[in-house]
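Trainee: Here it is, the structure in full.
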Amino acid sequence: MGEKGGKGFSLNSNLGKSSTKSPLEASLTGKDDSTAKSKRGRKVQFNNGGLPEARLTSSLMSGGKADIPIAKGDLSKGGKGGRVLNGEKSAVPKPPAPLELRIEQELPKNAKCMMDCEAALILKGIQEQMVVLSEDPTIKIPLSFNKGLQYAQSSNCYASPQSVRRVLEPLSKYGVSDGEICVIANTCPETIDEVFALVPSLKPKWSTLREPLKDVLRELAELKHLNQSSNPEGSPGFS
Amino acid sequence: MFFHIVLERNMQLHPRHFGRHLRDNLVAKLVKDVEGTCSGRHGFVVAITGIENVGKGLIRDGTGFVTFPVKYQCVVFRPFKGEILEAVVTMVNKMGFFAEAGPVQIFVSNHLIPDDMEFQSGDMPNYTTSDGSVKIQKDSEVRLKIIGTRVDATEIFCIGTIKDDFLGVINDPVTS
C-alpha cells in the first residue's frame, strides 16, 4: 500500500498537483520524484526509445496503474509492451503443450519401471507367501498390497511378461524410454495413432517410429489374442 | 505405474529382539513399518521383495536401542503427470467423478469430461451422452490421463482428465 501510495504521489507530482499535498506527502514526493526520475530513466533504457515517453504520458492519464507494472518490469504487461514497441508480433496465446511423462527426472536412477504384467507376476508370488504369514494374527497384510495386486491383474492383457518385454525392447534403440515402453504395454494400444495420442512425447520421433511400432503392435495383438483364447474369463473386456 | 526400486532405511531394534533371530526380527519390523506407507517421492510401497544389505548396528547413547541401516528392494506404485491409467469409478456427482487405480484415488472434474456428456442425478448418478450410448457410473472402467498429483501424509491424490483422444469409458458394468 505504501509503495502504491508512493508511486501515486510521484505520478501526481508529474501531473502538477503538488499544491494539494501535505508536507509529509511533499517530502515523500520529493523522494519519489527522484525515484520516479530514475524509474523513468530505467523505463527509457528498458524500452529503448522515445516512444516510452508517450506510453508514460498515456499511462499517467489512465491513473498511473498501468505504469506501475512497467516500472516493476512486469513481464505480463511490460514484456508485451516491449514486444509491441520493438515491432514484434503481439503475443498470441499458444495452445498448451500436451502433458508428457517425466519419470526419469523424478525418480532415483536405480528405479526400474515395471509393466503391469510384470508387477502382477511378482505380487502374485508374494501373495502366495503371504498366505502362510496371514495365519499369524499379528501380521496384517496392507490394503495397498491387495489394491495394487488387483489393479495389476485387472489391467493385464498378456500372459507372459517376458514375451511382452522381448517384443517392446527393440523400441529402446529408437530413443523410446523405459517409462514410455511401460505405458505402451499397459495401455494395449491397437493403432499407431493411439500410441502417439497417449504418449505425446513420442511425436517428435514419428517418422522413425512409425514402422517399428506397426510391427510391435502386431506382435502385441498376437500375444493379447493368445492370452484371451487361453483365458477368456480372466482377460479384461475392451469395448 | 509400478516401479522396482532399492530404498534404504535406518531401523531401530530393541535389545529384547537380539539373539539368533535378530535378522528375522529386523526384517519383520521393516515389513511392518514400511509396507503400505506412502511418500511423495516414491509413492505407495506395495510390497518388499528382498533385503539387499543389512549394515552394522550402532548403539544409540542412553537408550540401548541399536540402529541398523537396511537396504531393501520393493515394488512401489506412483502416479505421474501425463500417465495413462485405467481406473474404476467409485463415486459420481455433479462436480465430476472419483475413480480408483490401485491404491491411488483420482478425481475427474466435470470440466475435464467431454462436453457431450451430461450429469444425470438419481439412484445411480452418472454422466451420459445425449444419445445414451456412453455412460459413466459407479464401477465403470475408464481410461484417464493424470494431469496433477497431490501427496498427503498417507496417500496420493490425483486429478485426471478423459477429455483427450482415446480416453473414456472402457467397460460399462451394465452392458458387460
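Please treat every number below as a calculation from the coordinates, not as lab data. Predicted model only: the values in this text are computed from it and were never measured. Cβ: placed from backbone, ideal geometry, glycine included. Neighbour counts: every protein chain shown.
Trainee: Which links in A:Lys147/B:Lys163; A:Lys109/A:Lys224; B:Lys94/B:Lys138; A:Lys147/A:Lys203 stretch past 24 Å when you go from one Cα to the other?
Mentor: A:Lys147/B:Lys163; A:Lys109/A:Lys224; A:Lys147/A:Lys203
Trainee: Return B:Val6, A:Val199, A:Val167 ranked ascending by Cβ neighbour count within 10 Å, so the fewest neighbours appear first. Walk me through the numbers on the way to the answer.
Mentor: Working: B:Val6 15, A:Val199 24, A:Val167 20.
Final ranking by Cβ density, sparse to dense: B:Val6, A:Val167, A:Val199.
Trainee: In whole percent, what relative contact order does the range B:84-171 give with Cα contacts below 8 Å and a gap of six or more residues?
Mentor: Taking the mean separation of contacting Cα pairs over the length of the range B:84-171, I get 31 percent.
Trainee: Can you pull the one-decimal nm distance between simple spin-label points at B:His111 and A:Ser229, each 7 Å off the Cα toward Cβ?
Mentor: Each label point lies 7 Å from its Cα, and together they span 4.9 nm.
Trainee: Under 5 Å between amide H atoms, partner at least 5 residues away or on a different chain: which partners does A:Met114 have, H built in plane at 1.01 Å?
Mentor: Those qualifying (amide H under 5 Å, at least 5 residues apart or on another chain) are B:Phe2, B:Phe3, B:His4.
Trainee: Right, here's the next one. How crowded by other chains is B:71-79, given as the mean number of beta carbons from other chains within 10 Å of each beta carbon?
Mentor: Numbers: counts 0, 0, 2, 0, 10, 6, 8, 4, 0.
Mean shielding by partner chains, rounded to a whole number: 3.
Trainee: Could you work out the mean count of beta carbons from other protein chains within 10 Å of each residue's beta carbon in A:146-158? Intermediate values should be presented prior to the final figure.
Mentor: On the way: counts 3, 8, 13, 4, 4, 12, 5, 0, 6, 8, 0, 0, 0.
What the average comes to for A:146-158 is 5.
Trainee: Once you have a ≥ b ≥ c as the square roots of the Cα gyration tensor eigenvalues for the range B:2-77, tell me rounded if a/c is under 1.5, and otherwise prolate or oblate according to whether a/b is larger than b/c. List each step's numbers first, then the result.
Mentor: Working: a/c = 2.33, a/b = 1.98, b/c = 1.18.
Since a/c reaches 1.5 and a/b is larger than b/c, the shape of the range B:2-77 is classed as prolate.
Trainee: Rounded, prolate or oblate: which one fits the range A:155-202, using the alpha carbon gyration tensor with axes a ≥ b ≥ c (rounded when a/c is under 1.5, else prolate when a/b beats b/c, else oblate)? Intermediate values should be presented prior to the final figure.
Mentor: Numbers: a/c = 2.03, a/b = 1.20, b/c = 1.69.
Oblate is the answer for the range A:155-202, as a/c is 1.5 or above yet b/c matches or exceeds a/b.
Trainee: Compute the distance in nm between two label points, each set 7 Å from the Cα along the Cα-to-Cβ direction, one at B:Arg60 and one at B:His14.
Mentor: For B:Arg60 paired with B:His14, the spin-label model returns 1.3 nm.
Trainee: Order of A:Ser229, A:Ser163 from fewest to most other C-beta atoms within 10 Å?
Mentor: Values: A:Ser229 9, A:Ser163 17.
Ordered by Cβ neighbours within 10 Å, fewest first: A:Ser229, A:Ser163.
Trainee: Give A:Lys112/A:Lys214; A:Lys173/B:Lys135; B:Lys32/B:Lys145; A:Lys124/B:Lys32 a once-over and call out the pairs whose C-alpha atoms are over 31 Å from each other.
Mentor: Details: A:Lys112/A:Lys214 26 Å; A:Lys173/B:Lys135 41 Å; B:Lys32/B:Lys145 33 Å; A:Lys124/B:Lys32 19 Å.
Over 31 Å Cα-Cα: A:Lys173/B:Lys135; B:Lys32/B:Lys145.
Trainee: Would you mind classifying chain B by shape? Square roots of the alpha carbon gyration tensor eigenvalues, ordered a ≥ b ≥ c; an a/c under 1.5 is rounded, otherwise it is prolate if a/b is larger than b/c and oblate if not.
Mentor: prolate
Trainee: Let me ask something else. Would you list B:Ser109, B:Ser121 from fewest to most Cβ contacts within 10 Å?
Mentor: Numbers: B:Ser109 14, B:Ser121 10.
Result, fewest neighbours first: B:Ser121, B:Ser109.
Trainee: So what is the relative contact order for the range B:2-77, in percent, with contacts set as C-alpha pairs under 8 Å and at least six apart? Display every interim value, and only then the final one.
Mentor: Numbers: 130 pairs, mean separation 35.5, N = 76.
RCO, the range B:2-77: 47 percent.
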